[in-house]
Amino acid sequence: MATAFRDLQPDDYQPAEQHPQNGVIIGGPAARAKRIEYGILLSAMTFGSLGALYWTLTHSTGWVEWSAFLFGFVLINMGVGIGYHRYFTHRAFEAGPKMRLAIGIMAQMSCQHSVLKWAADHRRHHAFSDRVGDLHSPYVDGHGKKMSKWKGLGIAHFGWLFDNTTSDMKVYGKGLIDDPQVLWCHKHRWSIAIFSSIILPALWALALGGPEHIIGTILIGGLFRNFFFLNFVMGVNSIGHVFGSQRFKTKDGSRNNWFMAWMTFGDGWHNNHHQHPRAASSQIAWWEIDVNGYIIYLWEKMGLVWNVQRAPTYVRTASGGWEQLKVKAEPAEPEIMSADDGGVMFRKSSEKIEEPAE
Ligand SMILES: [Zn+2]
Ligand SMILES: [Zn+2]
């Protein structure tokens, strides 16, 4: 039976070479399709941003264009953080079919491919964080080769989008490849992207300004908005694994970076996140503002989502260290997502990690 995600991974797909890590495909039509799709998305955002710059310098822009930018920024920030990341990748909470569809559409309004592809790739990141098999580590490339600091930052930011590896959907897409809402979102990803980047800003301009605001609002409140926010999402992969502080010894480079956290509504508390990947909020200390976490808690109170996962509560001890309060019986060591079960289940970090033979 043909699958609904043949464009990601054809049924008869045979990897040209075998990658040492489970569920990493090298080359072939999947990698080609990925490069083409990311090429189109990134070109549209880049040229759109240049267009936005030209437009602001040559035309008078104002609150119509920039309110569309701000509204869209908040919407796609919630979509990426709550949708792609916390729900579809990590199952930080549960939601019914209508809510799943709404969250999936909101995520894909950021134009970062489908929830299926984004979540499967991110599960692979957690399965191999900064080791061979990680798709966007600033330390090692997709084949495990060590990189210099600046090259690594470049690869982890945008370079990885165009490498020749893809994630095996049968390994990392568990619970997604048979979800009708996920498959609907995957199938309609281009329509959602065009609606979000062009049609919605155009309607916004017409409703609040007039036809003369349409082009500027599409450029600023659509394409530039996507590019601007994409840099913070990618920044969590690059900057968020190099610059910042580490509260937990997570065996990877993940860092807590307050600026990235503010700009991503919480995902920049990335070291906290690698310690407790399933938690709906990455907030541990009171000053670690996690806007998307607050929204999930609000949705929980409203009955829209349930079974919301929480990290244990920590307190600062007199000696300055962090000590776990036994809110529930959870290990204080990092939870690692294993490739063997699709990066959805967890094992303790002290359990042996099999490194592939050279
Ligand atoms: Zn990470
Ligand atoms: Zn994650």
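Couple of notes before you dig in:
- The range 132-148: number of residues that are away from ligand 1 (no atom under 12 Å from the Cβ) and of a type outside the set (A, V, I, L, M, F, W, C): 8
- Test for SER148: is it under 22 Å from MET78 (Cα atoms), away from ligand 2 (no atom under 16 Å from the Cβ) and surrounded by fewer than 16 Cβ atoms within 10 Å (Cβ to Cβ): no
- Matching residues, the range 234-278, being surrounded by fewer than 23 Cβ atoms within 10 Å (Cβ to Cβ), within 15 Å of ligand 2 (Cβ to nearest atom) and under 13 Å from GLY293 (Cα atoms): PHE265, ARG278
Residue by residue, here is whether (1) under 20 Å from the mean Cα position of the chain (by Cα); (2) closer than 15 Å to PHE224 by Cα; (3) modelled with pLDDT of 95 or more; (4) not β-branched (Val, Ile, Thr) holds:
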{"site": "SER49", "(1), (2), (3), (4)": "no, yes, yes, yes"}
{"site": "LEU75", "(1), (2), (3), (4)": "yes, yes, yes, yes"}
{"site": "ARG91", "(1), (2), (3), (4)": "yes, no, no, yes"}
{"site": "ALA102", "(1), (2), (3), (4)": "yes, no, yes, yes"}
{"site": "CYS111", "(1), (2), (3), (4)": "yes, yes, yes, yes"}
{"site": "ASP134", "(1), (2), (3), (4)": "yes, no, no, yes"}
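- A single member of LEU42, LEU101 is more than 23 Å from VAL182 (Cβ to Cβ) and surrounded by fewer than 19 Cβ atoms within 10 Å (Cβ to Cβ), and it is LEU42.
- Residues located in the range 163-185, provided they are farther than 29 Å from VAL140 by Cβ and in a helix (DSSP H, G or I): PRO180, GLN181, VAL182, LEU183, TRP184, CYS185
- For the range 255-294, a residue qualifies if it is touching a Phe, Trp or Tyr at 6+ places or on another chain (Cβ under 8 Å) and aliphatic (A, V, I, L, M), and the qualifying residues are MET260, ALA261, MET263, ALA280, ILE284, ALA285, ILE289, VAL291.
The values are calculated or read from the model by the stated rules, or taken from the named source; none is laboratory data. Remember, predicted model here, so these are calculated numbers, not experimental data. Cβ sites come from the backbone with ideal geometry, for glycine too, and all protein chains shown count toward neighbours.
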